[in-house]
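Every number in this text was worked out from the coordinates using simple rules, so none of it is lab data. Since this is a predicted model, take the numbers as computed values, not measurements. Methodologically, a virtual Cβ is constructed for each residue, glycine included, from the backbone with ideal geometry; neighbour enumeration extends over all protein chains shown.
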Amino acid sequence: MNDLAKLPAVDRLLAHAAVAPLIESLGRAVVTQLLRDTLAEVRAEVRAGAPLPDEAALLEKVSRGATPLMQPKLRAVFNLTGTVLHTNLGRAVLPEEAVAAIASVAHSPCVLEYDLESGRRGDRDDIVNDLLRELTGAEAATVVNNNAAAVFLLLDTLARKKEVVVSRGELIEIGGAFRVPDIMKRAGAKLVEVGTTNRTHLKDFAEAITPRTAMLMKVHASNYAIQGFTTAVPENELAELAHARGLPFVVDLGSGTLTNLERWGLPHEPTPRAAIAAGADLVTFSGDKLLGGPQAGLIVGRKDLIAKIKKNPLKRALRVGKLTLAALEAVLRLYRDPDRLAERLTTLAQLTRAEDEIRAAAGRLLPTMQDALAGLPIRVDIVALKSQIGSGSLPVDRLPSAGFAIRPQGKRSGMINRIEQAMRGLPRPVIGRIEDGALLLDLRCLNASDEAELSRQLAQLIC
Ligand SMILES: *Cc1c(COP(=O)(O)O)cnc(C)c1O
């Protein structure tokens with residue numbers, strides 16, 4: 001008890017020179033609370049038998065407690081996982097043009113829903129409507145918070161208390177929480193599954209149509225592939241059947257890109273333009289997957305159907321804000337110039353980055369990496385790796401890449417976990433992946449300015 005009385009009071013610590021920078025950064029109220037919490041912790045430790053810390057040790061503890069308070073929760077990291085569109089790491093990294101557009105409308109009022117010509121109220125969808133029409137060939141477009149919201153709003157508008165015919169092979173789950181059957185149920189639509197997991201024929205759809213049918217739907221089976229003995233009905237045949245029966249045909253594309261990726265040697269991904277050309281009445285896709293923009297859900301298609309969707313009161317609940325629209329408009333503009341797209345659109349630049357170039361970056365970083373890990377029972381090698389597109393693109397389509405493999409020497413496998421943890425603990429955390437006991441760092445998504453920063457950080461690594 002006597003010992004505890006020797007601990008300095010909160011007021012004395014607040015006046016201490018070492019605490020001044022903390023007050024400057026966090027404010028007096030937060031630091032006062034931090035000092036109280038730290039002192040309470042120390043008292044509990046001393047009561048449990050720990051020695052009384054001296055003033056330096058106490059201040060050190062306070063400073064350690066302050067570190068997480070000074071950092072935002074939503075922190076930038078280095079994505080060295082090898083998955084370009086990593087959902088847990090925020091999917092698409094935005095191009096400079098989009099970042100500048102966000103900053104501009106964040107700093108000032110903007111014409112979010114204001115028609116400059118008439119001086120009257122405008123429609124926020126008009127910001128990207130013309131661009132989306134031009135880039136997809138659709139008559140009209142609307143934007144919501146994400147693609148799950150787009151699918152939900154579409155079903156709620158057109159299929160409530162009605163039936164939606166979908167191939168059994170397309171009843172997918174994406175990233176844990178998005179399941180087509182669950183979304184349908186929530187939207188009050190009845191799912192009618194046709195065909196079998198691997199084969200669905202046009203007559204399966206035709207026989208499933210009843211007076212209660214609202215639409216025929218196709219879901220792009222984005223994150224898995226059914227191979228071998230398979231049949232799926234082509235979009236144009238489904239569209240033809242739907243139209244002959246007076247029904248809309250809708251396609252949930254998921255990752256829909258607005259350009260032909262094969263031009264850059266990437267695997268083929270279906271585009272909204274192709275779906276519209278095949279006769280789809282509505283197409284939904286994400287803004288932050290292959291499109292390379294902000295999180296958003298885009299619905300493009302027939303003008304009358306888009307107008308109906310926009311009248312649904314839920315549209316108001318699912319709409320996007322000005323920051324999203326600023327970024328989306330900037331990204332869509334880049335698509336108007338396909339010749340420069342691979343340099344300007346960050347996602348595409350990352351996906352098309354040549355293996356040689358990635359390997360060269362690994363070569364430049366190797367000495368720093370070896371220095372950072374010197375003395376540990378491990379070895380670092382530059383290795384060939386396979387990156388993934390991610391976010392619902394086929395996991396079988398891998399991109400040749402390069403990076404580091406950090407392997408234990410001998411049986412010290414705990415060492416690799418310790419290094420992985422230390423990398424995650426850096427000011428800008430480095431996120432890699434552990435595979436077969438090795439820590440793999442794929443450098444595909446490390447651009448030139450990131451490279452310098454990573455280098456500086458590795459010098460601070462403490463394992
Ligand atoms: C990713 C995906 C979704 C969900 O999109 P979010 O933008 O993540 O909400 C829906 N459908 C398909 C086919 C997808 O690939």
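Figures for the structure shown
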| read-out | value |
| --- | --- |
| Region 102-203: trypsin sites (Lys or Arg not before Pro) falling in loop per DSSP and having at most 10 other Cβ within 10 Å | K161 |
| Solvent-free Debye scattering, log10 I(q)/I(0), computed from the Cα coordinates of the chain at q = 0.06, 0.08, 0.12 Å⁻¹ | -0.37, -0.63, -1.08 |
| Stokes-Einstein D for region 96-344, Kirkwood Rh over Cα pairs, 10 °C, 1.306 mPa s (µm²/s) | 85 |
| Exposure proxy ranking, count of Cβ atoms within 10 Å, fewest first, for S25, S255, S286, S108 | S108, S25, S255, S286 |
| Convex hull volume per residue in cubic angstrom - Cα atoms of region 241-362 | 128 |
| DSSP bridge pairs, the chain: antiparallel proportion in percent, nearest 5 | 60 |
| Table column - 3J(HN,Hα) (Hz), region 302-308, Karplus curve with 6.51, -1.76, 1.60, x for Gly and Pro | 4, 4, 5, 6, 4, 4, 4 |
| C445, C110 arranged by Cβ crowding within 10 Å, fewest neighbours leading | C110, C445 |
| Calculated FRET efficiency for the pair R120/T196, C-beta based, R₀ 45 Å, to 0.05 | 0.25 |
| Computed over region 4-70: relative contact order in percent, which uses C-alpha pairs under 8 Å that are six or more apart | 41 |
| Sequence-separation-based contact order of the chain, relative, with Cα cut under 8 Å and 6+ spacing, percent | 19 |
| Electrostatic dipole magnitude of the chain [Cβ: Lys, Arg +1; Asp, Glu -1; Cα centre; debye, to 20] | 1160 |
| Euclidean distance of C-alpha centroids, region 16-65 and region 120-142, integer Å | 56 |
| Region 96-344 - share of DSSP beta bridges that are antiparallel (%, nearest 5) | 45 |
| Full-extension gain in nm, R433 to E60, via 0.36 nm per residue minus C-alpha separation | 131.0 nm |
| Potential lengthening between R245 and E24 on full extension [0.36 nm per residue; Cα-Cα distance subtracted] | 72.6 nm |
| Relative contact order for region 106-177, counting Cα pairs under 8 Å that sit 6 or more residues apart, in percent | 14 |
